[in-house]
Amino acid sequence: MSTDTVGTAMRPPKTINKVIYRRLMPLLIAAYVMAFLDRTNIGMAKDRLEIDLGISATAYGIGAGIFFLTYALSEIPSNLIMHKVGARFWITRIMITWGLLSAGMMFVQGETSFYIMRMLLGIAEAGLFPGVLYLITQWFTLEHRAKANGMFLLGGSIANIIGAPLGGLLLTLDGLVGLHGWQWMFLLEGLPACALAVIIWKTLPNKPTDAKFLTRDEAEDLEARIAAEEQAGAKAAGNSKLRHIVKDKQILLVVAIYFTHQIAFYTLAFFLPSVIGTYGKLSPIQIGLLTAIPWVFSAVGALTIPKLATTGSRSKLITTTTMIGIAAGFTLGAIGGPVLGLIGFSLAAFNVYALLPVLYTYPTTRLSGSSLAAGLAFVNTVGLFGGFTGPYVMGFVEDATGSKMAGLWFVAGMCILGALLTLGLKRGSKKADPKAVAVH
């Protein structure tokens, strides 16, 4: 029996949550680090792909964003499959296929192969993000969900903190055994995902009653409490079936806000290294180190802000103020030089990660069962078209104006729109939760 399990007596819920955090979150964070690293490492390769393969800024923006088209179209089917076969098997499959395809990016020869590989990578990785969010709903009650979401999303911050300097270092391998530096980067950052997949397969339980670190009574009690919350929220919102998802105005509002958020998120991920490269004559390693700075602030945002979302009113205030913060950050990035610009991007990154864990708690109070799995995927699917829109517009505007900064004004404007949309958010109902569906 695991050392986390003490006899057969039920431990306090607070103690059980600590055990679950310790056993699950490191694995899930590591998976997201790998996913985000392999999804966004082309940001470090952008300028070299233009030089070595003749890929234009517009083509780069299309390739960076086209990942999200196939990713989005595959999200709902992927999450429904995971609901049937279990997170352990499906996350393992996702990680192996995306790891191999990410490493295969080293064989890109031009724009067409670049587009094809990015599309395949999107299909392979589809389902990981909403799948893990769904998995979290099976392990944490509503009061702990925003915190757990924030810890998971910390993986994206970590990936950018270590990924940019690591990418810069790997780019210096240019010419080793006849390979470009960007080829080494794709190879050496892609294959570790396959190794982590083996660990996921051996150690990740699908649900509490499958876990060896909980007693049977503890696991059954936790599953019963979570099921009661889901059923109450779904009944109050009237979302007991899949078709109800697209009719729920609150879920559609979350989708629209998420769309504007993702425009900002992936503009930072894909274009920040290139923008920083305009600050002076910098080496790849220097660009990577400077690129990591905003993502350090994103980690602070993910760790500090979501846990403050203790009530529905606080959650709404956080979503509004963080969207305003993202818009302000991009505005500073557009008008500022190296110092003020980097401060602006740090402000944007802080708020990008502070918002997302809170925003994703809204659908979980209105759905249950397979509709919850599909609903989370639906939000991610439609919202992720912002992940295509942002990079495409940035690349198009750069080619049209010759300025890497011009597209930042579009991003700032979309975030202002997102801030206005947050004013209409409502969480659950008093019928579903007499405490106004508090989230801790």
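What follows draws every value from the coordinates through simple rules; no lab data is involved. Only a predicted model underlies this, so the values are computations on that prediction, with no experimental measurement involved. Backbone-built Cβ (ideal geometry, glycine too); neighbour counts: all protein chains shown.
Can you give the charge dipole size of region 8-152 about its Cα centre, rounded to the nearest 20 debye, using +1 on the beta carbon of Lys and Arg and -1 on the beta carbon of Asp and Glu?
Working: 14 positive and 8 negative charges, 206 e Å.
Dipole magnitude for region 8-152 comes out near 980 debye.
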query: Excluding same-chain residues fewer than 8 positions from LYS212, which aspartates and glutamates have a Cα within less than 14 Å of its Cα?
result: ASP4, GLU220
message: As I understand it, the value is the acute angle between the Cα axis of helix 181-190 and the longest principal axis of the Cα atoms of the chain; what does it come to in degrees, rounded to 10?
response: 10
- prompt: Once label points are set 7 Å from the Cα along Cα→Cβ at both VAL85 and LEU27, what is their separation, rounded to one decimal in nm?
  reply: 1.7
query: Between LEU252 and THR112, what FRET efficiency comes out of the Förster formula 1/(1 + (r/R0)^6) with R0 = 51 Å and r the beta carbon distance, rounded to 0.05?
result: 0.90
message: Taking the 0 to 90 degree range and rounding to the nearest ten, how far is the long axis of helix 128-137 tilted relative to the main principal axis of the chain, both from C-alpha atoms?
response: 20
message: In region 13-424, if the dipole is taken from +1 on Lys/Arg beta carbons and -1 on Asp/Glu beta carbons about the Cα centre, which of THR141, ILE318, GLN286 is farthest to the positive end?
response: THR141
- prompt: Tell me which aspartates and glutamates have Cα within less than 14 Å of LYS307's Cα, excluding those fewer than 8 residues away on the same chain?
  reply: GLU143
field: Likely footprinting exposure, LYS212, LYS307, fewest C-beta neighbours within 10 Å first
entry: LYS212, LYS307
field: Rounded to 10°, Cα long-axis angle of helix 192-203 versus longest principal axis of the chain
entry: 10
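Here is the link list: LYS207/LYS316; LYS147/LYS426; LYS84/LYS147; LYS18/LYS426; LYS147/LYS202; LYS207/LYS249. Which ones come out longer than 21 Å on Cα distance?
From LYS207/LYS316; LYS147/LYS426; LYS84/LYS147; LYS18/LYS426; LYS147/LYS202; LYS207/LYS249, over 21 Å: LYS207/LYS316; LYS84/LYS147; LYS18/LYS426; LYS147/LYS202; LYS207/LYS249.
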- prompt: What's the exposure ranking of HIS144, HIS261, going from fewest to most Cβ atoms within 10 Å?
  reply: HIS144, HIS261
query: Whole-Hz Karplus ³J(HN,Hα) for region 113-118, in order, using 6.51 cos²θ - 1.76 cosθ + 1.60 and θ = phi - 60°, x for Gly and Pro?
result: 5, 4, 4, 4, 5, 5
statement: Under the helix-only model (-39500 (n - 2.57) for each DSSP H run of 4 or more, divided by the residues of the chain), the mean residue ellipticity at 222 nm, to 500 deg cm²/dmol, is -25500 deg cm²/dmol
- request: Report the full-extension gain for the segment ALA406 to VAL339: residue separation times 0.36 nm, less the Cα-Cα distance, to one decimal in nm.
  value: 22.3 nm
- prompt: With each label point set 7 Å from Cα along the Cα-Cβ vector, what nm distance links THR15 and LEU191?
  reply: 4.5
query: For the chain, with only Lys/Arg (+1) and Asp/Glu (-1) charged at the beta-carbon, what is the dipole magnitude about the Cα centre, in debye rounded to 20?
result: 1520
field: Burial ordering of THR389, THR141, THR209, fewest other beta-carbon atoms within 10 Å first
entry: THR209, THR141, THR389
message: Along the charge dipole of the chain, pointing to its positive end and built from +1/-1 on Cβ of Lys, Arg, Asp and Glu, which listed residue (LEU214, HIS83, TYR258) has its Cα farthest out?
response: LEU214
- request: Give the relative contact order (percent, whole number) for region 13-424; include only Cα pairs under 8 Å separated by 6+ residues.
  value: 27
- prompt: How much length, in nm to one decimal, is gained on full extension between GLU223 and LEU176, taken as 0.36 nm per residue of separation minus their Cα-Cα distance?
  reply: 11.6 nm
